[in-house]
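In what follows, a structure is listed as structure tokens, so that the remarks can point back to it.
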Amino acid sequence: MEGAETLGPAAPSAPPSKEPLMFARAYRKALINFGGNTTLLRAMAFLWKAIPYHPRRGVTALFIKAVLLEKRLLKIDEQTEITPIKDLGSLAYWGIPQIDLDSFLLTVDGAVERPFSLSWPDLMALPPVDRQVRMDCVGGFRNNSVMAGVAVQGLLDQAGISPQARRVVFHCLDGYYVSLEVKDLLERGAFLVHTTNGEKLPKFGYPLRLALPGKYGYQWAKWVHRLEVVTDNRKGYWAGLGLPDRGDVGDVW
């Protein structure tokens, strides 16, 4: 084309830097090691809860913003490969409960027409769900895994939830609980996981852990044994203390 600048052969592009990936892996390893230390987790939680509620929420929002910036710098969002089992991050503030599957029951009750309980064989007989999912911890690490379990919607349909139902509270065998909107659970295809990357992992919530893509990890309740359907807007454990109530990845309030 007349007047167009003639360019020589394009110089070979430099290979992408591996430094962000190396830093991201080191950061992940540090978080996993920290998360495995129950004493440190409890100490951090104690110090955080000692801050008055309103300043605590402000400090929490600043922390989450800093983590989101750090994740962008480390290109965490580009990590799409399946996380090896040895690298799966999991936090357990109260330790891992000992569970006997022979006596284990999952109960669905509250604002429902037909409350019921299911034994472990009953649960294994339900239609399976098998999905690749991503879980982002509010502290910064990410797990990419293939999870298998049973759909929450099927359990709620079987129970016949009230038209006034607003949330489902997932009660856990270690005393923890989360509260999530029925709409979010149904729209995001929430399911209760019994197998992660082909294995049953007690530290990762076995026998049943909630999987809810798009939510922070503290909403992915572990060792679930009861789904309580409620008509109010009660908050979950960490949300009641100052973490974002909705808990979508990216939320700071």
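Since every read-out is calculated from the coordinates, none of them should be taken as a lab result. Bear in mind that the values here come from a model prediction, so they are computed numbers and not experimental data. Glycine gets a Cβ as well: all are built from the backbone with ideal geometry, and neighbour counts include every protein chain shown.
The local environment of residue 92, defined by Cβ-Cβ distances under 15 Å, has a net charge of +3 under the rule Lys, Arg +1 and Asp, Glu -1. Percent of C-alpha pairs per 5 Å bin in the stretch 16-253, short distances first: 1, 6, 13, 18, 20, 17, 12, 7, 4, 1, 0, 0. Each label point was placed 7 Å from the Cα along the Cα-to-Cβ direction; for residue 162 and residue 235 their separation is 2.3 nm.
Other residues with beta-carbon under 13 Å from the beta-carbon of residue 62 carry, at +1 per Lys or Arg and -1 per Asp or Glu, a net charge of +2. Each of residue 144 and residue 188 was given a label point 7 Å from its Cα along the Cα-to-Cβ line. The distance between the two points is 2.0 nm.
The stretch between residue 65 and residue 126, if pulled fully straight at 0.36 nm per residue, gains 17.9 nm over its current Cα-Cα span. Counting other Cβ atoms within 10 Å as a rough exposure proxy, the listed residues 209, 72 run 72, 209 from fewest neighbours to most. Length available on full extension from residue 86 to residue 251: 0.36 nm per residue minus the Cα-Cα distance, which gives 56.5 nm. Helical content of the chain, expressed as a calculated mean residue ellipticity at 222 nm, amounts to -9000 deg cm²/dmol (DSSP H runs of 4 or more residues, -39,500 (n - 2.57) each, divided by residue number, nearest 500). Taking the average, over residues, of other Cβ atoms within 10 Å as the packing measure, peptides 222-228, 111-117 rank 222-228, 111-117 from highest down.
Lysines near residue 222 by alpha-carbon distance under 16 Å, same-chain residues fewer than 8 away left out - which ones? Hits, sequence-local ones excluded: 200, 203. Between the helical axis of 38-50 and the longest alpha-carbon principal axis of the chain there is an angle of about 90 degrees. Helix 19-35 and the longest principal axis of the Cα set of the chain meet at an angle near 20°.
The relative contact order of the chain, computed from alpha carbon pairs under 8 Å that lie at least 6 residues apart in sequence, is 20 percent.
In terms of its alpha-carbon gyration tensor, the stretch 123-253 comes out oblate; a/c meets the 1.5 threshold, while b/c is at least as large as a/b.
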